[in-house]
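Q: Attaching a single structure in structure tokens format; questions to follow.
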Amino acid sequence: MRIVLEKRGEQSNAMAIASPFIALALTVIAGGIIFALRGFNPFSALYVYFVEPLTAWWSIEALIVKATPLVLIGVGLAVCYLANVWNIGAEGQLTAGAILGGMIPVLFPTFQSPLTLLLMLVFGALGGMAWGYIPAVLKNRFSANEILTSLMLVYVAQLLLDWLVRGPWRDPQGFNFPKSITFEGWQLLPNITGSIHLGALFAVLAGLGLAFIMGRTLKGFEIRVAGSAPRAGRFAGFSREKMVVFCFLLSGGLAGLAGCIEIASVVGQLQPQISPGYGFAAIIVAFLGRLNPIGVIFAGLLLALSYIGGEAAQITLGISDKIAKVFQGILLFFILACDTLILYRIRFEASARSSNLQPAE
Amino acid sequence: MDLLLTIMTASTPLLIAAIGELAVERSGVLNLGVEGMMVMGAVCGFAAALLTGSTFIGILAAIAAGIVMSLLFGFLTLTLVSNQVATGLALTLLGLGLSGLIGESFVGQPGVKIPNIGGIDPLIPGAILLTAAVAYVLFKTKAGLVIRAVGNSHSSAHALGYNVVAVRYLCVMFGGGCAGLAGAYLSLAYTPQWVENMTAGRGWIALALVVFASWLPWRAVAGAYLFGAISILAYTVQTFGWGIPSQFLSMLPYLVTIAALVVISGNRSLMRANTPACLGQSFVPDR
């Protein structure tokens, strides 16, 4: 038996909506199998992982807090991928944002005014933009592959942060731990309600703002043309170089902002590790949200659930929280597989070789 | 002499993974999942060697793990024609996650080292032989001609009656096996132990090496040895203690990768002559 793809006349709108849900269902089934293999009752394990976190308000708060950076980074990446610009170094841009944003409280610990926070956030975004600008320039000037350069810069940014918090920026009263001073007062984001901080608002605004840009402005049109019909875009006078720079500055800036928000809220200081891989998980968020900013908001919540559920499963069932990363990887696989259904019908045929040798294309 | 041997040891995993990916890319497929396949090879090889006490079985297990991972990638990109870049990323993310889960109980356990044969690690000359074999097959045999045809113009190759998807599946599996072997080299020879994310971006550096080599196998050897030399240099300078923070020395391989990509990619004529024309493009046979 072999699988044959048959191109649909036009893309299936029903499948475009259904595919993320099919992918989710398949991921849950795969998750059940993994739990069963590890000797747990799959149903109760899945309940603990995916449902229980949604039954208490405090864990919903935790969910929103975790979703904040994922959405902020995810919407930027969604725009990049739509334009066929492959920024996969968001984790590095996040780190750069945290470094530059964190510089203010570390170097001026007594500077306390609303301006402090504002400056931190601006510097955070600028740090991410600067880090994102490097692969964009290398791409435009030397056609260096942006996938590889942006990824290499992740390691560079993380090593830079590591050096800073072990060396010049280490808290002198910190008993030699590799940590900066703890932020306080206006160096931290105010909370909206409970543990949900102002960052959540930024994430929603970023999603809505980009949804508007993508749907209602010429820039949004330009971005979509750059991805789906680059040749037509060139004839229309849209510059590919400017598009690459725009995408990297946008996604880098949002990732940098996310990094700065993390250190000014959940983490509360600079330390060698400030993110459990949000920059990479956000790649999955972008695809799960079907590269649509509004979709990304929901996808961000879902990926956040995979982190929270992982913690819950570790506490309740003693399953390693590393399973969260496995679920995330499986999820992305299923999303990409299900997206095929949008453009193609899948048929299963008895394995007879087709004999008609038509010239291709 | 000792220094040369250390450099060769550091270069070998890069070379093995890069040669595998080079064959994959020559068939027109861009598999960005090298890091994921490599790390799975590292953990599976380590686990199998520890449980059976045989590094040979460990190596076989690592190759098998790489091939299984690459088949996942192949099924999505070749059968379901998903986006190759995104699927490769998915493979890396899955591999890093899955290896962490599998390897959890092996962290900190003393490993088994591949025994030296005649005072030398057998995989060092093995990697060179692998390069020679790939260079021979790609450029001196009909099979190599078919692979390159598929990579340069899948439509023409299809029109001539070649099974594009089958050729690509085989190449992808070869790449997966090589990445798995490279991973095993890390966990069974280079540093015989399992540490989470122990590949530390080597899969990505291997991908960059393919570009650096401009898709020519022997240049990959030069590239891999250059990178090996730089990482060893960084390590040596550290022991001299010249006051350069170790983090900056650890950055060197990544920075050099970027620099190498810039220098090579900027050379347009070289790139145009050797880049497989269908690299990264999906193929759906029309019937």
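The values are calculated or read from the model by the stated rules, or taken from the named source; none is laboratory data. This one's a predicted model, so the numbers in the text were calculated from it and none came from an experiment. A quick note on method: Cβ atoms are made from the backbone with ideal geometry, for glycine too, and the neighbour counts reach across all protein chains shown. Accessible surface is based on the protein model in full, side chains and every heavy atom, while ligands, DNA and RNA are left aside. Shrake-Rupley method; radii C 1.70, N 1.55, O 1.52, S 1.80 Å.
Q: Would you check which residues across the range A:118-140 are more than 14 Å from chain B (Cβ to nearest Cβ) and open to solvent by 10 Å² or more (accessible area, probe 1.4 Å) and list them?
A: Once the filter is applied, which keeps residues that are more than 14 Å from chain B (Cβ to nearest Cβ) and open to solvent by 10 Å² or more (accessible area, probe 1.4 Å), the range A:118-140 yields A:118, A:119, A:121, A:122, A:123, A:125, A:126, A:129, A:130.
Q: I've got another one for you. Quick one: which residue in B:80, B:160, B:89, B:94 is within 12 Å of another protein chain (Cβ to nearest Cβ), under 30 Å from residue A:286 (Cα atoms) and either free of Cβ contacts under 8 Å to residues at least 24 places away in the same chain or of a type in the set (Val, Ile, Thr) (or both)?
A: Every option except B:80 fails the conditions.
Q: When residue B:168 is evaluated against the numbered criteria (1) open to solvent by 10 Å² or more (accessible area, probe 1.4 Å); (2) part of a helix (DSSP H, G or I), which criterion, by number, is the only one it fails?
A: (1)
Q: Please specify each residue of the range B:172-190 satisfying the condition of being open to solvent by 10 Å² or more (accessible area, probe 1.4 Å) and either at the interface with another protein chain (Cβ under 9 Å from one of its Cβ atoms) or more than 13 Å from the chain's Cα centre (by Cα) (or both).
A: Within the range B:172-190, B:190 is the sole residue that qualifies.
Q: I've got another one for you. For the range A:288-320, enumerate the residues that are in contact (Cβ under 8 Å) with a residue 40 or more places away in the chain and charged (D, E, K, R).
A: Across the range A:288-320, the qualifying residue is only A:290.
Q: What residue, of B:90, B:157, is in contact with a Leu (Cβ under 9 Å, 6 or more places away or on another chain), of a type in the set (Gly, Ala, Ser) and crowded, with 18+ Cβ neighbours inside 10 Å?
A: Residue meeting the stated conditions: B:90.
Q: Right, another one. Residue under question is residue B:150, and the condition is that it be open to solvent by 10 Å² or more (accessible area, probe 1.4 Å), touching a helix residue (DSSP H, G or I) at 6+ places or on another chain (Cβ under 7 Å) and at pLDDT 90 or above; does it hold?
A: In short, no.
Q: Checking residue A:214 against (1) under 30 Å from residue A:58 (Cα atoms); (2) buried (at least 19 other Cβ atoms within 10 Å of the Cβ): exactly one of these is not met. Which one?
A: Every condition holds for residue A:214 apart from (1).
Yes/no per residue for (1) more than 12 Å from chain A (Cβ to nearest Cβ); (2) surrounded by fewer than 20 Cβ atoms within 10 Å (Cβ to Cβ); (3) modelled with pLDDT of 85 or more:
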site	(1), (2), (3)
B:192	yes, yes, yes
B:196	no, yes, yes
B:257	no, no, yes
B:274	yes, yes, no
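Q: A further question on this structure: Would you point out which residue out of A:172, A:168 is more than 14 Å from chain B (Cβ to nearest Cβ), outside any helix (DSSP H, G or I) and open to solvent by 50 Å² or more (accessible area, probe 1.4 Å)?
A: Testing whether each residue is more than 14 Å from chain B (Cβ to nearest Cβ), outside any helix (DSSP H, G or I) and open to solvent by 50 Å² or more (accessible area, probe 1.4 Å) leaves just A:172.
Q: Of everything in the range A:240-252 that's open to solvent by 40 Å² or more (accessible area, probe 1.4 Å) and not aliphatic (A, V, I, L, M), which residue is nearest to residue A:189 (Cα to Cα)?
A: A:246
Q: Between A:169, A:131, which is under 14 Å from residue A:103 (Cα atoms) and among the aromatic types (Phe, Trp, Tyr)?
A: A:169
Q: Could you check the range B:187-276 for helices (runs of 4 or more DSSP H) lying wholly inside it with 2 or more residues that are under 20 Å from residue B:151 (Cβ atoms) and without any contact (Cβ under 8 Å) to a residue 24 or more places away in the chain?
A: B:268-274
Q: Which pairs have Cβ atoms under 9 Å, sit 6 or more apart or on different chains, and link a residue in the range B:101-128 that is within 21 Å of residue B:16 (Cα to Cα) to one that is modelled with pLDDT of 85 or more and open to solvent by 80 Å² or more (accessible area, probe 1.4 Å)?
A: What qualifies is B:114/B:56.
Q: For residue B:138, indicate whether it is closer than 15 Å to residue B:32 by Cα and either buried (at least 19 other Cβ atoms within 10 Å of the Cβ) or not small (Gly, Ala, Ser) (or both).
A: So residue B:138 does not fit the description; no.
Q: Could you list all residues from the range A:175-192 that are away from chain B (no Cβ under 14 Å), open to solvent by 30 Å² or more (accessible area, probe 1.4 Å) and in a loop (DSSP other than H, G, I, E, B)?
A: Correct list: A:175, A:176, A:177, A:179, A:181, A:182, A:184, A:188, A:190.
Q: Out of B:57, B:7, B:16, B:67, which single residue is open to solvent by 10 Å² or more (accessible area, probe 1.4 Å) and either under 27 Å from residue B:222 (Cβ atoms) or within 14 Å of chain A (Cβ to nearest Cβ) (or both)?
A: Being open to solvent by 10 Å² or more (accessible area, probe 1.4 Å) and either under 27 Å from residue B:222 (Cβ atoms) or within 14 Å of chain A (Cβ to nearest Cβ) (or both) holds for just one of B:57, B:7, B:16, B:67, which is B:7.
Q: Considering each of A:143, A:150, A:195 in turn, give the residue that is farther than 27 Å from residue A:63 by Cβ and surrounded by fewer than 22 Cβ atoms within 10 Å (Cβ to Cβ).
A: Unique residue meeting the criteria: A:143.
Q: Just to verify a result, which residue in the range B:103-125, among those that are part of a helix (DSSP H, G or I) and surrounded by fewer than 15 Cβ atoms within 10 Å (Cβ to Cβ), is nearest to the chain's Cα centre (by Cα)?
A: B:125
Q: Go through (1) open to solvent by 20 Å² or more (accessible area, probe 1.4 Å); (2) at pLDDT 90 or above; (3) more than 24 Å from residue B:98 (Cα to Cα) and name the single condition residue A:28 misses.
A: If we test residue A:28 against (1) open to solvent by 20 Å² or more (accessible area, probe 1.4 Å); (2) at pLDDT 90 or above; (3) more than 24 Å from residue B:98 (Cα to Cα), just (3) comes out false.
Q: Any chance the range A:86-109 includes a residue that's at pLDDT below 90 and out of contact with any Pro (no Cβ under 8 Å at 6 or more places or on another chain)?
A: There is at least one residue in the range A:86-109 that is at pLDDT below 90 and out of contact with any Pro (no Cβ under 8 Å at 6 or more places or on another chain).
Q: Also, quick follow-up: Look through A:122, A:75, A:65, A:79 and report the one residue that is among the aliphatic types (A, V, I, L, M), closer than 26 Å to residue A:198 by Cα and without any contact (Cβ under 8 Å) to a residue 60 or more places away in the chain.
A: A:122
Q: Under the condition of being more than 13 Å from the chain's Cα centre (by Cα) and among the polar types (S, T, N, Q), which residue from the range B:198-237 is modelled with the highest pLDDT?
A: B:214
Q: Also, quick follow-up: Among the residues of the range B:121-140, count how many are farther than 20 Å from residue B:273 by Cα and at pLDDT 90 or above.
A: 8
Q: Suppose the filter is surrounded by fewer than 24 Cβ atoms within 10 Å (Cβ to Cβ) and over 26 Å from residue B:138 (Cβ atoms); does residue B:30 pass it?
A: So residue B:30 does not fit the description; no.
Q: Residues B:213, B:208: which one is under 21 Å from residue B:184 (Cα atoms) and either among the basic types (Lys, Arg) or open to solvent by less than 60 Å² (accessible area, probe 1.4 Å) (or both)?
A: After applying the criteria, what remains is B:208.
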